[in-house]
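The values are calculated or read from the model by the stated rules, or taken from the named source; none is laboratory data. These numbers come from a predicted model, not from an experiment. Positions of Cβ are generated from backbone atoms using ideal geometry, with glycine treated the same way; all protein chains shown enter the neighbour counts. Keep in mind that these areas ignore ligands, DNA and RNA; they rest on the heavy atoms of the full protein, side chains included. Shrake-Rupley method; radii C 1.70, N 1.55, O 1.52, S 1.80 Å.
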Amino acid sequence: MTNELESPGFIQIKGIQGAVIELALFFVIATAVRNIFNVQLGIITYYWLAFTVLTGIWEISYVFNKNKICKIAHDLIINDEHVWGKTYNVRMILPSNTAIIFYAEYAAHSDRLYANSINPWIYWSLMIESSHGIFCGLSALLMFIASYFNFNNMIVHQFLIQSMAFQMMNSMLYMGQYYIQTQDPRSENYVTDNFPVNERKFMLINLFWTVMPALILFTSLFTYH
């Protein structure tokens with residue numbers, strides 16, 4: 001299958017370069033917003049909540065581009081390729097396009113259920129991503145909106161707690177279920193010689209979605225007034 005993001009363009013970049021550019025742009029924009037609107041949050045809390053909003057955008061893209069992502073993931077599996085070294089049009093740095101590329105990598109080399117579009121397990125990945133986008137990403141966005149319009153601090157704090165609590169629960173349930181799948185011979189995530197654990201390094205990214213909300217929830221106990 002031909003991926004339109006791999007089509008020739010005025011500027012082309014490697015997948016790893018696109019990931020770095022995307023993160024750099026995020027920090028530049030998030031820092032500018034923090035300074036312009038004088039957001040009164042701790043640095044770690046602010047950037048992780050802002051990143052949760054960005055993650056929500058990626059998740060929306062996954063939900064609406066599920067079939068396209070599955071097809072790209074299947075090509076990666078068949079050709080034993082990774083997106084990090086592939087060349088893409090610079091348009092890949094748009095958040096919706098970044099999501100397509102790196103969810104395909106995740107589906108191909110970490111969680112194969114994300115690449116499934118033909119049996120009931122399709123709903124597993126859609127449920128995980130949509131629930132996180134709604135309950136975590138949207139709650140984080142509402143927290144920033146409430147803060148900007150000077151809502152009562154209790155309301156702002158409630159949105160923060162809601163976003164992080166849902167995020168930690170979502171991640172723990174997901175990782176627990178994923179572990180069960182790795183032990184189940186009927187699952188596409190079952191550990192085999194062709195799909196060993198040591199090649200699923202992208203799975204480690206999920207640690208952030210467990211550790212960071214836990215850290216923020218803990219620190220918020222001592223910073224809320």
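Here are some notes:
- Of the residues making up the range 23-40, those that are outside any helix (DSSP H, G or I) and either open to solvent by 40 Å² or more (accessible area, probe 1.4 Å) or acidic (Asp, Glu) (or both) number 3.
- Of everything listed in (1) part of a helix (DSSP H, G or I); (2) open to solvent by less than 20 Å² (accessible area, probe 1.4 Å); (3) of a type in the set (A, V, I, L, M), the single unmet condition for residue 13 is (1).
- Which listed residue, of 90, 53, 83, 20, is crowded, with 18+ Cβ neighbours inside 10 Å, farther than 28 Å from residue 162 by Cβ and either more than 17 Å from the chain's Cα centre (by Cα) or modelled with pLDDT of 95 or more (or both): 83
Quick grid of which residues meet (1) among the acidic types (Asp, Glu); (2) farther than 30 Å from residue 219 by Cβ:
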position: 4; (1), (2): yes, yes
position: 9; (1), (2): no, yes
position: 19; (1), (2): no, no
position: 25; (1), (2): no, no
position: 28; (1), (2): no, no
position: 32; (1), (2): no, no
position: 35; (1), (2): no, no
position: 50; (1), (2): no, no
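- Residue in the range 175-195 that is in contact with a helix residue (DSSP H, G or I) (Cβ under 7 Å, 6 or more places away or on another chain) and among the charged types (D, E, K, R) present: yes
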